[in-house]
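The structure appears right after this line, and notes come after that.
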Amino acid sequence: MIAYSAELVTDPIEFEPYAGKLRLAYKNPKAGDWVKAPSASAWEPGILRARVRDLRDRPATRGPERMRKLHVRRQWRCMDKLLCQVCALPAADRQTGLIPWLLTRTAFEATGLRSGRTNAPPTCARCIPKALEECPMLRSSVSLCTVEGVKPAGVLADMYRPGIVRTLESTGRNVFVAWDDYQHHPYALATSQMVELQGIRPVPS
Ligand SMILES: [Zn+2]
């Protein structure tokens with residue numbers, strides 16, 4: 001799920017008129033650039049999703065791994081389909097249906113006694129030892145839990161507003177924007193998808 005350096009894309013973005021307002025767009029927009037909230041009506045502009053290439057199968061051109069850089073599309077797919085962030089196979093336990101999840105302090109925010117938001121995808125039972133070994137961030141503050149299910153929550157995004165001197169100004173990085181927070185969607189460049197975990201239980205170690 002980590003991005004390789006040649007996969008990172010820095011296409012320029014700008015504000016464009018949309019339905020009488022402004023929204024963020026790539027300067028050479030493509031239809032697949034925007035993602036819609038699960039409950040969005042047809043006229044909502046959606047959220048601009050950061051572009052990225054997929055060069056996993058081309059080791060000669062993909063460059064070195066960029067630690068701390070999630071691959072936007074792979075992360076999204078893991079969350080949509082609850083795939084393991086290491087092996088990309090379904091993460092849920094086939095017998096119990098419970099989903100193993102490594103929760104770190106930096107990537108988890110509690111929203112209730114047994115619920116919370118994260119942008120870190122699940123890790124299947126087979127890959128947990130490997131994930132702990134390979135990811136230094138995990139080792140410092142991780143707890144292994146099981147999760148009964150997830151709900152869509154929103155995105156983590158870099159936020160912009162139209163600028164006076166330059167065409168746009170940054171107003172924040174890694175900001176949580178909820179799917180139903182429609183008024184902020186036109187100003188967000190989504191870099192990962194957040195889900196809300198439900199029925200979280202710690203696994204005794
Ligand atoms: Zn796995």
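The values are calculated or read from the model by the stated rules, or taken from the named source; none is laboratory data. Predicted model only: the values in this text are computed from it and were never measured. Backbone-built Cβ (ideal geometry, glycine too); neighbour counts: all protein chains shown.
Among the residues that make up the range 104-119, is at least one of them within 16 Å of the ligand (Cβ to nearest atom), modelled with pLDDT under 95 and either in contact with an Asp or Glu (Cβ under 8 Å, 6 or more places away or on another chain) or not polar (S, T, N, Q) (or both)? No: zero hits.
Yes or no, residue by residue, for (1) in contact with a Lys or Arg (Cβ under 9 Å, 6 or more places away or on another chain); (2) touching a residue at least 24 places away in the same chain (Cβ under 8 Å); (3) aliphatic (A, V, I, L, M):
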position: Ala120; (1), (2), (3): no, yes, yes
position: Glu133; (1), (2), (3): yes, no, no
position: Val155; (1), (2), (3): yes, yes, yes
position: Leu168; (1), (2), (3): yes, yes, yes
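Is it true that Ser41 is farther than 28 Å from Thr10 by Cα, away from the ligand (no atom under 13 Å from the Cβ), at pLDDT below 90 and of a type outside the set (A, V, I, L, M)? Write out each step before concluding.
Values: farther than 28 Å from Thr10 by Cα: yes; away from the ligand (no atom under 13 Å from the Cβ): yes; at pLDDT below 90: yes; of a type outside the set (A, V, I, L, M): yes.
When the stated conditions are applied, Ser41 passes them.
Restricting to the range 144-161, what's the tally of residues that are over 20 Å from Val72 (Cα atoms) and in contact with a helix residue (DSSP H, G or I) (Cβ under 9 Å, 6 or more places away or on another chain)? Step through it out loud before you land on a result.
Of all residues in the range 144-161, those over 20 Å from Val72 (Cα atoms) come to 144-149, 161.
Those left that are additionally in contact with a helix residue (DSSP H, G or I) (Cβ under 9 Å, 6 or more places away or on another chain): 144, 161.
Selection size over the range 144-161: 2.
Kindly indicate whether any position in the range 69-82 is within 16 Å of the ligand (Cβ to nearest atom), at pLDDT 90 or above, in contact with a helix residue (DSSP H, G or I) (Cβ under 9 Å, 6 or more places away or on another chain) and within 29 Å of Trp34 (Cβ to Cβ). No, the range 69-82 contains no residue that is within 16 Å of the ligand (Cβ to nearest atom), at pLDDT 90 or above, in contact with a helix residue (DSSP H, G or I) (Cβ under 9 Å, 6 or more places away or on another chain) and within 29 Å of Trp34 (Cβ to Cβ). Evaluating Cys127 against the criteria (1) of a type outside the set (Lys, Arg); (2) touching a residue at least 40 places away in the same chain (Cβ under 8 Å); (3) touching a strand residue (DSSP E or B) at 6+ places or on another chain (Cβ under 7 Å) leaves one unmet condition, (3). You will find that of Leu156, Leu144, the residue that is of a type outside the set (Asp, Glu) and within 16 Å of the ligand (Cβ to nearest atom) is Leu144 and no other. Note on the range 105-171: enclosed strands (runs of 3 or more DSSP E) holding 1 or more residues that are polar (S, T, N, Q) are 115-118, 142-147.
Of all residues in the range 76-102, those satisfying the criterion of being closer than 15 Å to Val203 by Cβ, touching a Pro at 6+ places or on another chain (Cβ under 9 Å) and surrounded by 14 or more Cβ atoms within 10 Å (Cβ to Cβ) are Ala91, Ala92, Ile99, Pro100, Trp101, Leu102. Restricting to the range 151-205, name every residue that is of a type in the set (A, V, I, L, M, F, W, C), crowded, with 19+ Cβ neighbours inside 10 Å and touching a Ser or Thr at 6+ places or on another chain (Cβ under 8 Å). Val155, Leu156, Ala157, Trp179, Met194, Val195, Leu197, Ile200, listed by residue number.
Every condition in (1) at pLDDT 95 or above; (2) in contact with a Pro (Cβ under 8 Å, 6 or more places away or on another chain) is met by Ser143 except one, and the failing one is (1). Gly97 meets each of the listed conditions (1) at negative phi; (2) not in a strand (DSSP E or B) apart from (1).
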